[in-house]
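This report concerns only the one structure given below.
The values are calculated or read from the model by the stated rules, or taken from the named source; none is laboratory data. None of the values given here were measured: they were computed from a predicted structure. Quick reminder, even Gly has a Cβ in these numbers, built from the backbone with ideal geometry, and neighbours come from all protein chains shown. Calculation scope for accessible area: heavy atoms of the full protein, side chains included, ligands and nucleic acids excluded. Shrake-Rupley method; radii C 1.70, N 1.55, O 1.52, S 1.80 Å.
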Amino acid sequence: MTAKKEKKKRTGRFFAAWLWILLFPAVAYGVPQRMADRYSVPENQVKITVTDNRIAVANAPQGSVMEIYNVIGVKVQSVQIRKPSDEYVITLPKGYYIVRIGGTVRKIVIR
């Protein structure tokens, strides 16, 4: 392996490690309740909640697309939104993901 490729490989690992360090506390432990009260979600904004391998979506524009990315930024799944409020079963391995519906982006954990 050339020195240039080795350096690029190390840089990628370094970036992934820092991304993990930055995302883990917010995803694993959530936001303290007092902070959550300050940043409450407006009623008409898209709400995304996760339970096991199901993603529940509320207030989503009908016909929009839910895109799921891994922590590296690669799109791993895309789902067409059928109803404004619905639940979708996803088949992804356990891990951390980023969900995007229109302009709404959320970090999720599949356990």
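Anything in the stretch 46-58 that is open to solvent by 60 Å² or more (accessible area, probe 1.4 Å) and under 14 Å from residue 84 (Cβ atoms)? List them, or say none.
If the condition is that a residue be open to solvent by 60 Å² or more (accessible area, probe 1.4 Å) and under 14 Å from residue 84 (Cβ atoms), then 47 is the only one that fits.
Out of (1) open to solvent by 50 Å² or more (accessible area, probe 1.4 Å); (2) over 17 Å from residue 45 (Cβ atoms); (3) at pLDDT 90 or above, the odd one out for residue 79 is which?
Going through the list (1) open to solvent by 50 Å² or more (accessible area, probe 1.4 Å); (2) over 17 Å from residue 45 (Cβ atoms); (3) at pLDDT 90 or above, residue 79 breaks only (1).
Taking interchain pairs and intrachain pairs at least six residues apart, which have beta carbon atoms under 7 angstrom, with the first residue in the stretch 74-87 and among the hydroxyl-bearing types (Ser, Thr, Tyr) and the second open to solvent by less than 80 Å² (accessible area, probe 1.4 Å)?
78/65; 78/67; 85/57; 85/58; 85/59
Would you confirm, using the coordinates I've provided, whether residue 43 is at pLDDT 90 or above and open to solvent by 70 Å² or more (accessible area, probe 1.4 Å)? Quick ask: steps written out before the conclusion?
Details: at pLDDT 90 or above: no; open to solvent by 70 Å² or more (accessible area, probe 1.4 Å): yes.
No: the conditions fail for residue 43.
Which condition number in (1) in a strand (DSSP E or B); (2) open to solvent by less than 80 Å² (accessible area, probe 1.4 Å); (3) within 20 Å of residue 52 (Cβ to Cβ) is the one that residue 92 fails?
Just one mismatch for residue 92, condition (1).
Run down 60, 56 and say which single residue is among the small types (Gly, Ala, Ser), assigned to a strand (DSSP E or B) and modelled with pLDDT of 90 or more. Talk me through it step by step, then tell me what you get.
Working: 60 fails: assigned to a strand (DSSP E or B).
The conditions single out 56.
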